[in-house]
Amino acid sequence: MSRFVRASKVRHLFCQPDKKEETFYGLTLATTTGDHNYIKANSKFFAVATRAGGGGAMAVVPLSKFGKFDNSMPKIIGHTGAIFDCDFNPFHDQIIATGSDDCSCKVWGIPTEDGLTEDLKEPLVDLNNHMKKVTFTQFHPCANNVLATGSADHTVKLWDIDSGEEKMTLDCKDNLQDMQWSYAGDMMAVSCKDKMMRIFDPRTNAIVQECKPHEGSKCFKTCWLGKSNNIVTVGFTRQSKRQFSIWDSRDLTKAIHTESLDQSAGVIMPFFDEDSNVLFLAGKGDGNIRFYEIIPEKPHCFSLSEYRGAGSQKGIAFIPKRHCDTKKCEVMRGMKLTANTVEPVSFIIPRKSDRFQVDIYPDTKAGVPALDADAYFGGAADFTPKLQSMDPAKAGAAGETKQSMPTAVKSKAALQKELDAALARIAELEAKYEPKE
C-alpha cells in the first residue's frame with residue numbers, strides 16, 4: 001500500500017451551517033415547478049418566488065433580516081403569470097431580472113439597499129419577444145447590461161437591457177433544461193430535452209460543438225469549470241443512475257472523466273468555484289451537498305467530502321466570492337432553500353493561522369464590467385472578468401464601482417398605447433379649436 005499522500009490545499013474543506021437563529025423560516029413558496037434553480041442570491045439579497053393571487057410574485061429578502069419571513073412584506077408583483085427564474089445583475093446588487101409564464105422577462109430596480117419599500121409593479125425594462133413561457137434568465141459575467149433569456153419556444157435570446165433591444169436569437173432545437181455562460185461569456189452551453197448539449201458562439205448563433213452527454217431521459221445540468229475549456233454535465237444513465245462527466249468543450253466526442261453517484265431521482269445542480277477549483281453537487285430533494293476537487297491532469301477529479309443537512313433542498317445559490325469571510329477561511333457561502341426555509345451554509349478550509357491565506361484566496365471577480373453591451377455585440381474579442389484582491393488590507397483595490405440603473409425602456413405595446421392616447425388628444429384639440437367658417 002502506497003504511503004504517498006496527494007498534496008491539496010482543499011483536502012480538509014468542510015461545510016458549516018449558520019446558527020438556527022440566523023436562518024430564514026416561514027416562507028410560503030410558489031407551487032410552480034420546473035428545471036430552474038428556485039433561489040438566487042447576491043451580497044445583499046436572496047430572491048424566491050412566493051404565492052400570490054392572479055399572477056406571480058417574487059420576494060427579495062435582505063440577508064440581514066433573518067428570522068421569520070413576513071408574508072406581508074413588499075414583493076415584485078408586476079407579472080401576470082407565475083415567475084419561474086430570476087437572476088441578479090453581477091455589477092449592480094439592486095437590479096434583478098425575472099422570467100415568467102406570461103412569456104415576458106422584466107428587469108427591476110430595487111429602490112434601496114434595505115430592499116423593497118412597497119410592492120413593485122413597474123419594471124425598468126420589459127422584454128416581450130418570446131412566444132412561450134420564459135424559464136431561464138442569466139446575466140452576462142463580463143459585459144454590462146447583457147442578459148440571456150431561455151424559453152419554452154426553444155430559443156435563447158440575448159438582450160441589451162439598457163436599450164431594451166433584442167440582439168440575437170439562438171435556436172436550441174428543443175425544450176431547454178439549462179443554459180450557462182462560460183467563464184468570460186464568449187460561449188454558452190445549452191442542454192435540451194432531446195438529450196443534446198450544444199455549445200454556442202452566442203454572438204454568431206453558431207453551434208460550435210454538440211453531443212449527447214447522458215443516455216437517461218431526465219433533465220441534465222451543465223457547468224463551466226472556470227478558466228479552463230472544460231465543462232461538467234450532471235445527468236442520468238439509461239438505468240436512471242445519477243452520474244457526472246467532464247468534457248473538453250473543444251472536442252465533445254468523448255468525456256475525459258465520468259463518475260457514477262447513486263440511484264436517487266433528484267436532478268443535481270452543479271456549481272464551481274474557479275478560485276479553489278472545487279465542484280459542488282447539490283441534488284434537488286437531497287439533504288447532502290457533495291464537493292470534489294478538479295485538477296487539469298488525469299484523473300481530473302477527486303472526491304473531498306459531503307455535507308449532510310437535516311432538510312432536503314429545493315435549490316441552492318452562492319453569493320459572490322469577494323464577499324466571503326476571509327477571517328474564518330470561508331471560500332464559498334451558499335443559501336440553501338428547503339420547503340419553507342433558507343439556510344446559510346459556509347464552506348471553510350481550516351487553517352491554524354489567523355493571517356490572510358494567500359494560497360486559498362487568489363484574485364477573484366471584482367463585480368466590475370469588463371466591457372459594455374455595444375462592445376460585446378460589436379464583436380470585441382479580448383475580454384476577461386476584472387479581478388480584485390481578497391486581502392482585507394487591499395479591499396477595494398480593483399475599484400468596485402456603483403453601476404447606474406438601466407434607463408427605463410417601455411414595451412412596444414405601452415408605447416403604442418401612449419401614442420394612441422396622444423393622437424386621440426390631438427384630434428380632440430383640433431376639433432375643439434378648428435376655426436369656424
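The values are calculated or read from the model by the stated rules, or taken from the named source; none is laboratory data. Remember, it's a predicted structure, so these values are computed and weren't measured experimentally. Reconstructed Cβ throughout: ideal geometry from the backbone, glycine too, with neighbour counts over all protein chains shown.
For the stretch 75-118, the tally of residues that are among the small types (Gly, Ala, Ser) and under 14 Å from the mean Cα position of the chain (by Cα) stands at 2. A single entry from 286, 262 fulfils the requirement of being of a type in the set (Asp, Glu), farther than 18 Å from residue 191 by Cα, modelled with pLDDT under 95 and surrounded by fewer than 20 Cβ atoms within 10 Å (Cβ to Cβ): 262. So which residues in the stretch 153-195 are in a loop (DSSP other than H, G, I, E, B), buried (at least 18 other Cβ atoms within 10 Å of the Cβ) and aliphatic (A, V, I, L, M)? 161, 187 - these are the residues of the stretch 153-195 that are in a loop (DSSP other than H, G, I, E, B), buried (at least 18 other Cβ atoms within 10 Å of the Cβ) and aliphatic (A, V, I, L, M).
Would you be able to say whether some residue in the stretch 349-367 is part of a loop (DSSP other than H, G, I, E, B), over 22 Å from the mean Cα position of the chain (by Cα) and on the phi > 0 side of the Ramachandran plot? For the stretch 349-367, residues part of a loop (DSSP other than H, G, I, E, B), over 22 Å from the mean Cα position of the chain (by Cα) and on the phi > 0 side of the Ramachandran plot: absent. Number of residues in the stretch 251-296 that are charged (D, E, K, R), within 21 Å of the chain's Cα centre (by Cα) and farther than 25 Å from residue 389 by Cβ: the value is 3.
For the stretch 15-33, a residue qualifies if it is modelled with pLDDT under 90 and surrounded by 14 or more Cβ atoms within 10 Å (Cβ to Cβ), and exactly one does: 32.
Of all the criteria given as (1) in a loop (DSSP other than H, G, I, E, B); (2) polar (S, T, N, Q); (3) surrounded by fewer than 19 Cβ atoms within 10 Å (Cβ to Cβ), the one not satisfied by residue 276 is (3). Scanning the stretch 329-371 for residues that are within 28 Å of residue 49 (Cβ to Cβ) and of a type in the set (Val, Ile, Thr), we see that the one that is surrounded by the fewest Cβ atoms within 10 Å (Cβ to Cβ) is 341.
Of the set (1) without any contact (Cβ under 8 Å) to a residue 60 or more places away in the chain; (2) surrounded by fewer than 19 Cβ atoms within 10 Å (Cβ to Cβ); (3) in contact with a Ser or Thr (Cβ under 7 Å, 6 or more places away or on another chain), all apply to residue 220 but (2). Hey, can you tell me all the residues within the stretch 315-339 that are within 15 Å of the chain's Cα centre (by Cα), part of a loop (DSSP other than H, G, I, E, B) and either within 17 Å of residue 22 (Cα to Cα) or among the charged types (D, E, K, R) (or both)? Within the stretch 315-339, just 319 meets the criteria. Within the stretch 88-106, residues that are within 10 Å of residue 134 (Cβ to Cβ) reach partners that are assigned to a strand (DSSP E or B) and among the acidic types (Asp, Glu) with beta carbons closer than 8 Å, at six or more positions or on different chains, in the pairs 97/87; 98/85; 99/85; 104/126; 106/126. Could you tell me whether any residue of the stretch 44-67 is over 30 Å from residue 81 (Cβ atoms), part of a loop (DSSP other than H, G, I, E, B) and small (Gly, Ala, Ser)? Yes: the stretch 44-67 contains one or more residues that are over 30 Å from residue 81 (Cβ atoms), part of a loop (DSSP other than H, G, I, E, B) and small (Gly, Ala, Ser). For the stretch 126-142, the set of residues classified as more than 25 Å from residue 224 (Cβ to Cβ) and either touching a helix residue (DSSP H, G or I) at 6+ places or on another chain (Cβ under 9 Å) or not aliphatic (A, V, I, L, M) (or both) consists of 126, 128, 129, 132, 133, listed by residue number.
Of all residues in the stretch 377-405, those that are over 21 Å from residue 168 (Cβ atoms) and modelled with pLDDT of 80 or more have Cβ atoms under 9 Å from Cβ atoms of residues that are small (Gly, Ala, Ser) and exposed (fewer than 14 other Cβ atoms within 10 Å of the Cβ), 6 or more apart or on another chain, in 386/399; 388/395; 388/396; 388/397; 388/399; 389/395; 389/397; 391/397.
For first residues located in the stretch 414-433 and part of a helix (DSSP H, G or I), partners that are surrounded by 10 or more Cβ atoms within 10 Å (Cβ to Cβ) and not acidic (Asp, Glu) and lie 6+ apart or on another chain with Cβ distances below 9 Å form the pairs 418/410. For residue 264, are the conditions met, namely being small (Gly, Ala, Ser), assigned to a loop (DSSP other than H, G, I, E, B) and touching a residue at least 60 places away in the same chain (Cβ under 8 Å)? Against the criterion (small (Gly, Ala, Ser), assigned to a loop (DSSP other than H, G, I, E, B) and touching a residue at least 60 places away in the same chain (Cβ under 8 Å)), residue 264 does not qualify.
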